[in-house]
Amino acid sequence: MKNKLILILIFFIAVCFRWWLIADNQIYFWYDQARDAHVAQQIFLERDIKIQGPSASGTNDTIYHGVIYYYFIGFLYTIFNGNPFLVALTSGLINSLAIFLIYFLIEKVFNNKKMALIGAFLLAINFEHAQYSTWLSNPMMSLLPILIFFFLVWKLFYQFKTNQPVYLFVFLGCSLGLIEQSAFYSIYFFSVILIGLFYLINHKKLSIKKIFSLKQISIFIFSYILTISSMLLTQFKLFKAGIFNWQSLTNAIDGKTELVNLKIIEELLISYLTKIIETIAPNMTLYGFILFIFILVVFFKKSKKSFVYFLLSWIFAPLWLFVIQFRNSPHMLIGVEYALLIFLAFLINYLILQKKYLYQLIVFIILLIYALSQLKAVHIVREQSTSIFTFQTGVMLNNELKVLDRTYQLTNNQPFSISVWGSPYEYYITWAYLYNWYGKNKYGYLPSYFGSNQSGKYGEELLKQKNQIEQVHFLIEEPEIVLIGDIYKQFIYKQNEFSKLKSSEKIGEYKLEIRETINKI
């Protein structure tokens, strides 16, 4: 009973920590988020049933993630009237349930309730996990299924028993399928299963024929395929249309076919080091590296061989795929933070068991530094108005809403038009969505849009597109937009053809130009 109350308290701490991270609209909201918010709501508002999820970046719109993300956020956006903050907050609340799952996992794997509570607490105030929990993007859908998947891997492969219940294989296939739905590259988690089989064959001395029955394997495969069936159907339809083929696939992976590329290995090692530091000691590189080495020494010396295989297969699951095709994105190693925190919980529990003053002091120092570093990381991103996912500094919802408010304040209920210098170039969906959700609801009317034709692009119907500007016109410039050539000069030249600059303001990292029409004779 006492453990349950402590666990509920830890869950409450986790929810509060994630709320603090995004309070006052401190969420990353950019092209991807606006696109997804608009598309997902069509499912419920327009009864537009979809099978295709978000496009996978870097694949030239030839490969798509699963659609389940759209159904999840589409439902939330619909009931919250399009409010991104409430969707992110709800996502953080749901993903905070990982506290209970990691407790359950650690307790079953290590048969240690105290270590399980430590692991749950570490996760509750973990900056990395909090960022993923509240991130409005498809990878965050994998946070809970990953823990379910690894518990089932432990149960089926490392606590092997003959005649395992069939439902475990159903859950294994579905959890792996849900991870795959969140991000197509998650196919690398199959390596965890292969390593589990290797462990059974080599350390349990079992013949592969005696491990699992044909029925169990078939049920696992069927459950997995059923869960990702919408993804398979999407790629099949793209194949039939000539969009997805071998050539487009090789182009999507940059044509990299080398089995060993030293540059990729170097970048991958840096990504792992960054992940380790950001999980156990954000912004404290040397301390985090030393602590991790200390963790590994204790773990390998004191843990069972099954623990080593299990956790290392977890951490290094992405290696076989990313050595061939590396992408420098923070979410490529999503889920590794769980394994790292289990490592840290193992160390802390081991030191507590020594029952010596020096060891208890070390535990206190480790927990204090851990807590302070996580809190500081949140303070930094809030102060700098950024996140670990931003490509552009300051592209946060709170700043964007300040820009919208300012445009309405300067027009005094008069018609106005906007142009956007943003990323991706010539897409207006971010601002069109925000004006429709926030501007229209708060001020009662919408601006018109002056710029490149949005026909065939996301949200083309959201704002009225005109070939001339209103008497009052605004140019919204997003930060850190870099395009080759003289595209920006041409863009400004077009603005100057129809309007003249009156003044400009800096709102966060955004630049807002107040312009007025040029009266041509």
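The values are calculated or read from the model by the stated rules, or taken from the named source; none is laboratory data. These numbers come from a predicted model, not from an experiment. With ideal geometry, Cβ positions are generated from the backbone for all residues, glycine too; neighbour counts draw on all protein chains shown.
For the reader, a short list of remarks on this structure follows.
- Residues satisfying the stated conditions in region 482-521, i.e. closer than 21 Å to Y28 by Cβ and surrounded by fewer than 16 Cβ atoms within 10 Å (Cβ to Cβ): V482, K506
- The set of residues in region 128-186 being assigned to a helix (DSSP H, G or I), surrounded by 22 or more Cβ atoms within 10 Å (Cβ to Cβ) and aromatic (F, W, Y) consists of Y132, F149, F150, F157, F169.
- Looking only at region 282-305, residues that are more than 20 Å from the chain's Cα centre (by Cα) and crowded, with 17+ Cβ neighbours inside 10 Å come to 6 in all.
- Among residues of region 384-410 that are of a type in the set (F, W, Y), those with a beta-carbon under 7 Å from a residue that is assigned to a helix (DSSP H, G or I) at least six positions away or on a different chain give the pairs F389/P330; Y408/G439; Y408/Y443.
- Residues in region 283-301 include at least one that is at pLDDT 85 or above and among the small types (G, A, S).
- Considering residues of region 357-393 that are surrounded by 18 or more Cβ atoms within 10 Å (Cβ to Cβ) and touching a Ser or Thr at 6+ places or on another chain (Cβ under 6 Å) only, the residue farthest from A124 (Cα to Cα): T386
- In region 145-171, the residues that are free of Cβ contacts under 8 Å to residues at least 60 places away in the same chain and within 22 Å of the chain's Cα centre (by Cα): P145, I148, F149, F151
- Comparison of D36, D48 shows that the only residue that is among the acidic types (D, E) and closer than 28 Å to Q392 by Cβ is D36.
- Residue within region 460-473 that is surrounded by 13 or more Cβ atoms within 10 Å (Cβ to Cβ), closer than 17 Å to D405 by Cβ and touching a residue at least 12 places away in the same chain (Cβ under 8 Å) present: yes
- Verdict on S419 being part of a strand (DSSP E or B), over 15 Å from H38 (Cα atoms) and in contact (Cβ under 8 Å) with a residue 60 or more places away in the chain: yes
- Identity of the residue in region 36-65, out of contact with any Pro (no Cβ under 9 Å at 6 or more places or on another chain) and small (G, A, S), that ends up farthest from L238 (Cα to Cα): A40
- Among the residues of region 1-58, those that are assigned to a loop (DSSP other than H, G, I, E, B), more than 22 Å from W437 (Cβ to Cβ) and under 18 Å from the mean Cα position of the chain (by Cα) comprise A56, S57, G58.
- Filtered residues of region 84-114 (kept if surrounded by fewer than 20 Cβ atoms within 10 Å (Cβ to Cβ) and outside any helix (DSSP H, G or I)): L97, N111, N112
- Test for G508: is it assigned by TED's automatic domain parsing to the domain that holds L404 and within 24 Å of H38 (Cβ to Cβ): yes
- Residues being part of a loop (DSSP other than H, G, I, E, B) and either among the β-branched types (V, I, T) or touching a strand residue (DSSP E or B) at 6+ places or on another chain (Cβ under 6 Å) (or both) - total across region 474-521: 5
- Only one of E426, E460, E477, E470 that is touching a Lys or Arg at 6+ places or on another chain (Cβ under 6 Å) and at pLDDT below 95: E477
- Residue tally, condition under 27 Å from the mean Cα position of the chain (by Cα) and in contact (Cβ under 8 Å) with a residue 60 or more places away in the chain, over region 432-459: 7
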